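One structure is given here, and the rest of the page talks about it.
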Amino acid sequence: MTCDLEVDVNGEEIFLVDKEVLSSFCGRVRKLIDQTSISSATKPLKVAFTDLPGGAEAFELLTRSCYNNVGTRMTPHTTCLVHSVAHFMEMTDGGVSSSVNLLKLIEKSLEGIPYWSWSEIVRALRQCQDLFPVASSSGLMGRILDSLAGRITAASDASPAVSSPESSAFRFSFDTRSTMSTKNSNHRAWWFEDIVVLNPAMIEKIVKSMVLHKVDHALISRFLAHYLKSAASDKKEATETIINLLHSLDASCVSCKGLFGVLRISSSLKISKCCQSKLESMIGNKFDQATLDNLLVPAPAGTKSLYDVNLILRFLKSFLRIEGRKSITQLKQAGSLVDSYLAEVAPDSSLKPLKFVALSTALPDEARDSHDAIYGAIDMYLEVHTQLSSEEKMKMFCAINYEKLSSESCKHLASNRKFPSRTAIRALISQQSKLRSLLKEVNQLKKHSGALRKANPSKENRLGDDEQIILYAKKVDLSTENEKLKSQLQGMQWKVMELERICRKVQAQMARATKKNTTVSPSSARSLPRLCS
């Protein structure tokens, strides 16, 4: 046996081996020798590998197996190395018994993957990172991933009661030789720290394998959030990987809080537009579950505004678009959140009027039972932005549904100099309409009461009208809306008197204002609203 072949392995080490022995079953070596023999007749021949998986250690294990018919003792560590390098070297039996023995030994060891300990599985995955892409193309990585995901699935359905992965107090048995240990955890996250050291590409493969094994998506989501916080490698790559994986999970299993955590991390990174769009879409779909603190995202560097209003508008667009129409409960929750956000951003002197109006009108009218908060936000905005044009102001006033203003807000609006008189008139007209509707309901109830009195003459007919209404209400099973109406009727008389006083005050103000320019015609005077006839 001669050493007539010089092999340079990744620049790490040079091996002198027997050309005939190595080339007899390593197809890649045989091809390199043939090419080298044609170009050079020097002895010994020289070949070089620059990307041999496992480096010098793996090559030495392989060559020892070729020289020794007994073969190499296979452990989880050596199995990964030899399997990858054998695949890379295009190893075949070549009619050599040692080669046949090695290939059989490798396969037998791979069949034992289900019986490897948890720590051996994790170490094998870390090896696969270094052996990539050969470990993937050879099928080695897939077999280890299947074992890992299967164990996580089994552990997720059980109740771990031990604190060490090597403890024998709690084991999952796959057969008489197979054991798996788990770590103590009250929230089924005992494995988080073990695999958080892996790179984003490996995490992606692990998660996809767990999805195939039907691991709970909520658990996967929690792990991804934990990984992003703990990952010390390339934050941009990790963030983009996590966003893509979260987007592939069941949306109901991804928490709104977790998504905003990803948003905070990604804000300082220049992630791809595709990933940014996916993240905003996921958050937008859960907008009604957010908090005000979540929404107070600082504006991008280089802008004068305090908060990123454009981001919130994109959230709202996604909220209204994704998964069809939202329920009334979700809309009202979103409306309350936007009202709180408007109150926070209104004092920002750099916030443009169009952005403020866009926020105010982003949600449909049914998202709010009251427009008092919008009125208050506009009032605050006008307090800070004193140089707005009449056109800009009118666009803001159009955001208010005056029929949804309370009597207190209408009273405040009537005496608010930042609002023109015509807005006060609109508010008073809407209040008058509401009162007329209330009076109409009262009359209808009284008619029902009268009919009841004629049909059943009794002691209760001698009671007053108000009591008759109450007694009739008990008999007809009033809806929730009518029960609200009864409470509104109690203060109706005061509202009528108050609104008449406000209306007279507004009429007087308008009369004084118009006298300066022209005389008020009888027809224009009669156009002012009358609250009571």
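FYI, it's all coordinate maths here, none of it is from the lab. Owing to the predicted nature of the structure, the values given are computational and were not obtained by experimental measurement. Methodologically, a virtual Cβ is constructed for each residue, glycine included, from the backbone with ideal geometry; neighbour enumeration extends over all protein chains shown.
Per residue, the average separation of C-alpha pairs within less than 8 Å and at least 6 apart gives the stretch 213-359 a relative contact order of 20 percent. For Leu5, the residues whose modelled amide H falls within less than 5 Å of its own, excluding neighbours fewer than 5 places apart on the same chain, are Val17, Lys19. Expressed in Å, the radius of gyration and Dmax of the Cα atoms of the stretch 254-312 are 11.2, 33. Take the alpha carbon atoms of the stretch 312-347, find their center, do the same for the stretch 357-433, and report the distance between the two centers in whole angstrom. The stretch 312-347 and the stretch 357-433 have Cα centres spaced 19 Å from each other.
Looking at the square roots a ≥ b ≥ c of the eigenvalues of the Cα gyration tensor of the stretch 193-327, which shape do they give, rounded for a/c under 1.5, prolate if a/b is larger than b/c, or oblate? The shape class here is oblate. What is the local net charge at Leu354, summed over the other residues whose Cβ is closer than 9 Å to its Cβ (Lys, Arg +1; Asp, Glu -1)? So the surrounding residues net to +2.
Between Asn68 and Thr2, the contour length at 0.36 nm per residue exceeds the alpha carbon distance by 22.2 nm.
Please list 373-384, 74-85, 272-283 highest first by mean number of surrounding beta-carbon atoms within 10 Å per residue. Kindly include the intermediate steps, with their values, before the conclusion.
Numbers: 373-384: 19.3, 74-85: 22.2, 272-283: 17.2.
Going from most to least packed, we get 74-85, 373-384, 272-283.
Remark: the stretch 204-216, residue by residue, has Karplus-estimated 3J(HN,Hα) of 4, 5, 5, 5, 4, 5, 5, 4, 5, 8, 6, 5, 3 Hz, where x stands for each Gly or Pro and the curve is 6.51 cos²θ - 1.76 cosθ + 1.60 at θ = phi - 60°. Between Ser327 and Leu354, residue separation times 0.36 nm minus the direct Cα-Cα distance comes to 6.9 nm.
Approximating the spin labels as points 7 Å out from Cα along Cα→Cβ, the Thr303-to-Ser233 distance works out to 3.3 nm. Amide H to amide H distances under 5 Å link Met91 with Gly27, where only residues 5 or more positions off or on other chains count and H is placed in the peptide plane.
For Ala48, the amide hydrogen comes within under 5 Å of the amide hydrogens of Asp8, counting only partners 5 or more places away or on other chains and with H modelled in the peptide plane.
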